[in-house]
Ligand code: GLN
Ligand code: ZN
């Protein structure tokens, strides 16, 4: 039995990846130095693999993102040097970023024009093969054509473009073959989505054409099960990789269809996405089950990770501060490789090391049965009408009220004071005072600008999830558990390890202070339960909905305290609610029923309080009926990008709440623009009516500079006044 691993993080033990690339961006090192530094990171990565597993792919490394690199391989963008490379990734006209399936990794979305010409412009796998020639027996890494195309923004017919793309892949594969590269690791996670019959047919036909004879291809899927698995049996590939963690149904699918004797099965049984330590003995039992249902002998089976390992931090070795109780339940990427080795060793009868490793683990999650249909606790439509009247009486807002999404710029000074506070060099008292000064100064600024609803600015929060995790019971946070979110940007997911409780206040101090000095209403800003859950790791074996309800309860307690103390508006941010949804349609309803219920628990305060939510994006055509079940009075969404096509998801549906379409794309580096603001407003007024439209930026302003923010907000307020005037004959 062989061991096979892929997707090991590229960040480096000490985030060398991030440092080298950012140094290059700042001009501190040149291209040559960058290449040599990153080759060293890659060598370290290969060493990790080499120490523990038999097979791993070559050329997974990327300087930014592998979907983007695939676009460069096929000449969709030109890549002449690192200047152009990083320009596409983060320059003025950078490619759009989107979440990679239901993970927190963002990839760059290639835009493919009508009738594209795909040409083989960069044989990336071949160049890695040559650079790391001493590992030439390993397969070279490629993203498969179906996944690449499903993740791209396509301006033409899918089928035809797919056919063309496969012709280009054929060229690439032939060139590899001509250069003595015979083994390929081909990733097709999109096979785990809902794939139509038509697509299955087209995949089978094109794949048969695309693969030249004499190649050994391992077709690797992950993040879910492959519903059309038996069709893959016809393809000229030598191995198929399946995810048995997120794709639990793969077992039943194997049972039904068996597995071809002439192919290898790469069994993803060690979790690539979440860090709960494996119980080796149970894994071996599971492997036996796979063997039984697939009727394969062990020569045709490899043990592998369930999905790429880059969703985990590099190693636990750097975590000196974690309690041994928690640490002994964890495995990061390096430890996953170790587990893969332990499983193969156990299989061969060496059980001692494996036993001592897993003894510390709690074992696999045995999910308790949960109710399949939750009452979402949605208020009846009429309640929102009554609430609207009540809120108007209390808040007395003008038409087109103006506000922000919460955070205001965090500058170097703030980050330094916070860092010194964490190190213990600044006292809690001084830190609190520093934050209070910031709040006071920004309340004044908002007041001067003339915004209607103010926020305290979120200066005390590094990250909207980590901040809450550090205050709630049941979480631990790591020192070095970094994972890449996009490009060189990394974050540290907090870890849920015990029952979640709110034992102390989360946001009261700052919010109350802000309200005490503000002449206008200050909106309390809370992160919602689903977003906290989605952006954390979880070590507990309870069903996710149970943990989510605990979080919702904790947030609700905070909301109640805010409400009891004069806070009249509370915003609950849920930017992760869509992305956290399961990939398969058949599983979505159950998820949304508990996700919506969680929001409705969190927001259950006195009806006098106006509830806002911010979802960050706005493409929710498919889930609009679920969004409508959330008990909010005002929703703020993204709308400024791409000519305000956004509120279209609401067309034709009955929506009796208010909406704050973002009139300024704060991710774009440009200031707000009056034409764009008016465009968003005009469209929104048409859809929602003038009495239901708020005006605000797209998202939080944390990463912007104050100079940019000030003028943009002034413009927003100015235009709000013009619109009020225009509609002044309407009775509010
Ligand atoms: N309230 C948060 C902020 O303003 C929302 C951030 C988000 O949606 N990602 O920063
Ligand atoms: Zn946002």
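Per residue, how big is the convex hull around the C-alpha atoms of segment 126-247? Give it to me in cubic angstrom, could you? Before the final figure, lay out each step's value.
Working: hull volume 13.7 nm³, N = 122.
Cα convex hull per residue, to the nearest whole number: 112 Å³.
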Revision key, fill the gap. Computed on Cα atoms, the radius of gyration and Dmax of segment 261-412 in angstrom are 25.3, 75
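Tell me, what is the FRET efficiency for residue 425 and residue 233 to the nearest 0.05, using R0 = 45 angstrom and their Cβ-Cβ distance as r? All intermediate terms of the calculation are to be shown ahead of the outcome.
Values: r = 63 Å, r/R0 = 1.39.
Given R0 = 45 Å and the Cβ-Cβ separation, E is 0.10.
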Point to revise | Length-normalised contact order of the chain in % [C-alpha pairs under 8 Å, at least 6 apart] | key: 11 percent
Review point. What does the convex hull of the alpha-carbon atoms of segment 396-555 project to on average, in nm²?
Key: 11.4 nm²
Practice item. Can you put 95, 730, 508 in order of Cβ neighbours within 10 angstrom, beginning with the fewest? Key: 730, 508, 95
Practice item. Please compute the Cα-Cα pair-distance distribution of segment 88-135 with 5 Å bins starting at 0, giving whole percents from short to long. Key: 5, 15, 11, 16, 21, 19, 11, 2, 0
Point to revise | Between segment 72-111 and segment 199-265, the Cα center-to-center distance that results, in Å | key: 28 Å
**Study point:** Angstrom value of the Kirkwood radius, inverse mean 1/r, which spans all Cα pairs in segment 627-713
**Key:** 13.3 Å
Exercise for review: Find the eigenvalues of the gyration tensor of the Cα atoms of segment 131-193, then list the square roots of 5 times those eigenvalues as equivalent ellipsoid semi-axes, largest first, in whole angstrom.
Suggested key: 26, 14, 8
Review point. In a solvent-free Debye calculation with one equal scatterer on each Cα, what is log10 I(q)/I(0) for segment 269-352 at q = 0.14, 0.16, 0.21 Å⁻¹, listed in the order of the q values?
Key: -0.51, -0.64, -0.99
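Restricting to the chain, what percent of DSSP beta bridges are antiparallel, rounded to 5? The partial results should precede the final answer.
Details: 11 of 63 bridges.
Here the antiparallel bridges make up roughly 15 percent for the chain.
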Study note, to complete from the structure: Both in Å, the radius of gyration and Dmax of the C-alpha trace of segment 686-732 are 13.3, 39
Check your understanding: Relative contact order of segment 435-501: what whole-number percent is it, with Cα pairs under 8 angstrom and at least 6 residues apart?
Key -> 25 percent
Review point. How long is segment 187-329 along each principal axis, judged by its Cα atoms, biggest number first, in Å?
Key: 54, 29, 27
Check your understanding: Relative to the longest principal Cα axis of the chain, at what angle does helix 158-178 sit, 0 to 90 degrees, rounded to 10?
Key -> 40 degrees
Check your understanding: Which three extents, in whole angstrom, do the alpha-carbon atoms of segment 1-106 cover along their principal axes, largest first?
Key -> 49, 32, 25
**Study point:** In nm, spacing of pseudo-spin labels at residue 321 and residue 198 (7 Å Cα→C-beta vector)
**Key:** 5.5 nm
Practice item. Would you calculate, for the chain, the mean residue ellipticity at 222 nm contributed by helices, counting each DSSP H stretch of 4 or more residues as -39,500 (n - 2.57) and dividing by all residues, to the nearest 500? Key: -13000 deg cm²/dmol
Study note, to complete from the structure: In Å, the C-alpha Rg and Dmax of segment 249-304 are 11.6, 34
Practice item. Kindly rank 243-253, 206-216, 328-338 from highest to lowest mean number of other beta carbons found within 10 Å of each residue. Key: 328-338, 243-253, 206-216
Study note, to complete from the structure: When all Cα-Cα pair distances of segment 48-125 are considered, the percent exceeding 15 Å is 63 percent
Study note, to complete from the structure: If each part is reduced to its alpha-carbon centroid, segment 658-732 and segment 542-612 end up apart, in Å, by 27 Å
Study note, to complete from the structure: The extension gain from residue 372 to residue 546, computed as 0.36 nm times the residue separation minus the Cα-Cα distance, is 61.4 nm
Review point. Using alpha carbon centroids, what distance separates segment 1-43 and segment 449-472, in Å?
Key: 33 Å
Study note, to complete from the structure: With Cα coordinates, the longest principal axis of the chain makes an angle with the long axis of helix 412-423, in degrees rounded to 10, of 70 degrees
Point to revise | Most to least packed among 455-462, 219-226 [average Cβ atoms within 10 Å] | key: 219-226, 455-462
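Over the residues of segment 408-500, compute the C-alpha Rg and express it relative to 2.2 N^0.38 Å. Show your work: numbers first, answer last.
On the way: Rg = 15.6 Å, N = 93, 2.2 N^0.38 = 12.3 Å.
Expressed relative to 2.2 N^0.38 Å, the Cα Rg reads 1.27.
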Point to revise | Fraction of beta bridges assigned by DSSP in segment 480-606 that are antiparallel (%, nearest 5) | key: 30 percent
Exercise for review: Starting from the exponent 0.38 and prefactor 2.2 Å, build the expected Rg for the chain from its residue count and divide its actual Cα Rg by it.
Suggested key: 0.98
**Study point:** 0 to 90° range, to nearest 10: angle between helix 706-726 axis and the chain longest Cα axis
**Key:** 60 degrees
Exercise for review: Using the number of other C-beta atoms within 10 angstrom as an exposure proxy, rank 485, 441 with the fewest first.
Suggested key: 441, 485
Exercise for review: With a 10 Å radius around each residue's Cβ, average the other Cβ atoms per peptide and rank 566-576, 294-304, highest first.
Suggested key: 566-576, 294-304
Exercise for review: With a Förster radius of 41 Å, plug the Cβ-Cβ distance of residue 710 and residue 16 into 1/(1 + (r/R0)^6) and report the FRET value to the nearest 0.05.
Suggested key: 0.65
Review point. Within segment 142-178, whose backbone N sits under 15 Å from a point 7 Å along Cα→Cβ of residue 216?
Key: 177
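Rule-based calculations on the coordinates, nothing more; no lab input. Since we're looking at a predicted model, the values are computed, not measured. Note that each Cβ is placed from the backbone with ideal geometry, even for glycine, and that neighbours are counted across all protein chains shown.
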